[in-house]
Structure formats: structure tokens, C-alpha cells
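Trainee: Just passing along the structure, written as C-alpha cells.
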Amino acid sequence: MGCLRVLQIGKPIPRLWQRRLFSSSTPPKVEGIPYTKLSIGVPKEIWENERRVAIVPAVVNKLVKKGFNVNIEENAGVLANFPNKTYEEAGAKITNLQNAYQSDIVLKVRPVASNEIQNIKYQGTLISFLYPAQNQELIKELSAKKINAFAMDCIPRISRAQVFDALSSMANVAGYRAVIEAAAHFPRFFSGQMTAAGRVPPCRVLVVGGGVAGLAAAAQARCMGAAVRAFDTRPAVREQIESLGAQFITMDIKVIRLFLNV
């Protein structure tokens, strides 16, 4: 009856009873597998013109120190300028495609293709970009094989998960690369020039969007000497754009209402 009186609405629960009701002297036992018994596989990307690799030798070194067995498919990182030797020096094992996919945890960059799913271990773990909303059939195929799939593109973009924010990392690279590609096609300098023949004005660059990619593009264009202007529909981005030395553009829209007498 004492418990019933304590749990009545509006009655505070004494601290001693809170400890008895909501805590346990013996914490629940969590079953797990030691790192030394887990293997991580990194297959080579098969998408056309894809040069990236899921992990670099520096990351392999950290995983090996924790006890993981890392299996890298032969030449998986060659296009990213990471030869097999660098992975072996970091502690990884260079293996074939089948052994890489039969690891407990498979790391990839691009979403797996239908012909790749059959290589993944039953009830294994897959970590890669998946884009579930766009690849419903792929998710169904992974579910049919009971694969634990983690979509890197669906990790919440919060402070605690910043180290897992692969979308922002790739957007940063995309913004930088966009300016480099634009400079390669631009017929003159990005920066202003003072020559004996006269003055060359700096290139004027307009960046649409002040997200991660837009800020990276604005910063790179400013480093190359261009006069940068940027626009975004979010007024809060203004401070970030101006901190990079770019000019924030605002658009004043006047709404004109026409009343027609019918």
C-alpha cells in the first residue's frame, strides 16, 4: 500500500525509493564479440570512375591496434594513391574479393550492387552510403539476407556525430573541387593582375547556397584571389559567408497584388 501511495499523481517519490525503483545493484550483462574475433573487409569499388576507398592506411593502423583483423582487397586503394604496400605496413592483410566480402563487417563507399550482395556474409554488417529512400529494392535485398546495414548518409548531423558526418566531408570536397574545375575552364586568371600591359580585374564568382559545399567553394575562390559573392535563402548563413571574405547577396522581393474586377 505504501508503494501505491507514493506513486499517486502529485506525490513526490523519496530519493531512497527512487534508487530502489529505478536502479539495479547488478547492471544487465551485455553480450558482445571481442574485437580480436571480428574481421573488417574493404572490397574494391566497382562503380565507373570511382577512385575512393572506404578506409585509408592511417585508419587501418588504428583498427589493428584495437584488435580488428582488417582484410583489404588487392588494389582496392590504388586509384586513391594508396598501394597495397601501405596497407600491409599499417597491419592489414591483402586478400581477394571473396575474403573481403566474407568479413564480419564490410566497408564500402558506393551502395552495393545486386550482384555484390550475394558475396556478403549472411547476417553480416555493411557500412556504406545506401540512400535508402532512393534504393528501396536494394534495402529489401539486404533485409532478405538479414544483413545489418548502416547508411552513412542517414547519420544525424549533430555535434556528437560529427566524426561520422560523411555527407559534410564529401560536400566539403565537392565545393573545393567545383572551384578548381571552374578555374581550369576559365579563360583568364582568378586573381587580379598588375602587368606592364595594364590591369586585369579579379574574376567575379557567384556561389549559390551557403551550405558545407558552398562555404568550401567560397573559401577556395577567395584563396585564389577571386571576388566572391554568395547567396542563400537562410539569413543565418550571412555571418558564415562574410567571415570567409565573401559578399552576401540579398534579394528584396516586392509582392504586387492585382485586383481584377470581373
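Trainee: Would you mind checking LYS85/LYS108; LYS66/LYS140; LYS62/LYS146; LYS66/LYS108; LYS29/LYS108 for any pair whose Cα atoms are more than 25 angstrom apart?
Mentor: From LYS85/LYS108; LYS66/LYS140; LYS62/LYS146; LYS66/LYS108; LYS29/LYS108, over 25 Å: LYS66/LYS140; LYS62/LYS146; LYS29/LYS108.
Trainee: Which whole DSSP H helices in the chain pass both tests: a Cα extent of 27 Å or more along the axis and a mean Kyte-Doolittle value no lower than 0.5?
Mentor: Answer set is 166-185.
Trainee: Using the Kirkwood radius over Cα pairs, work out the Stokes-Einstein diffusion coefficient for segment 76-220 at 20 °C and 1.002 mPa s, in µm²/s as a whole number.
Mentor: Translational diffusion coefficient: 113 µm²/s.
Trainee: Please work out the Cα center distance from segment 79-157 to segment 169-218, rounded to the nearest Å.
Mentor: A separation of 36 Å, based on Cα centres.
Trainee: For segment 171-248, build the convex hull from the C-alpha positions and give me its volume per residue in Å³.
Mentor: Dividing the Cα hull volume of segment 171-248 by its residues yields 75 Å³.
Trainee: So how do 186-194, 37-45 stack up, highest first, on mean other-Cβ count within 10 Å?
Mentor: Going by the mean number of other Cβ atoms within 10 Å, highest first, we get 37-45, 186-194.
Trainee: In the chain, what percent of the accessible surface is made up of carbon and sulfur (1.4 Å probe, ligands and nucleic acids excluded)?
Mentor: Answer for the chain: carbon and sulfur cover 56 percent of the accessible area.
Trainee: Quick check for you: with a 1.4 Å probe and neighbouring chains kept, what is the accessible area per residue of segment 34-163, in Å²?
Mentor: Per-residue value: 59 Å².
Trainee: Which order do you get for THR195, THR125, THR233 if you rank them by accessible area with a 1.4 Å probe, largest at the top?
Mentor: Ranked list, largest accessible area first: THR233, THR195, THR125.
Trainee: Below 8 Å between Cα atoms, with a sequence gap of 6+, how large is the relative contact order for the chain in percent?
Mentor: Dividing the mean separation by the residue count of the chain yields 10 percent.
Trainee: How large is the Kirkwood hydrodynamic radius of the chain, counting all unique pairs of alpha carbons, in Å?
Mentor: 23.7 Å
Trainee: Could you work out the local net charge near VAL42, counting Lys and Arg as +1, Asp and Glu as -1, over the other residues with Cβ closer than 10 Å to its Cβ?
Mentor: 0
Trainee: While we're looking at this one, here's another question. If all Cα-Cα distances of segment 121-171 are sorted into 5 Å bins from 0 onward, what percent lands in each bin, rounded to whole numbers?
Mentor: Final binned percentages: 5, 20, 25, 22, 14, 11, 3.
Trainee: Can you sort ILE33, ILE94 by solvent-accessible area, 1.4 Å probe, largest first?
Mentor: So the residues, ranked largest to smallest area, are ILE33, ILE94.
The values are calculated or read from the model by the stated rules, or taken from the named source; none is laboratory data. Nothing here was measured: the structure is a model prediction, and the numbers come from that model. Glycine gets a Cβ as well: all are built from the backbone with ideal geometry, and neighbour counts include every protein chain shown. Each accessible area value is taken on the protein alone, full model and side chains, heavy atoms only, with ligands, DNA and RNA left out. Shrake-Rupley method; radii C 1.70, N 1.55, O 1.52, S 1.80 Å.
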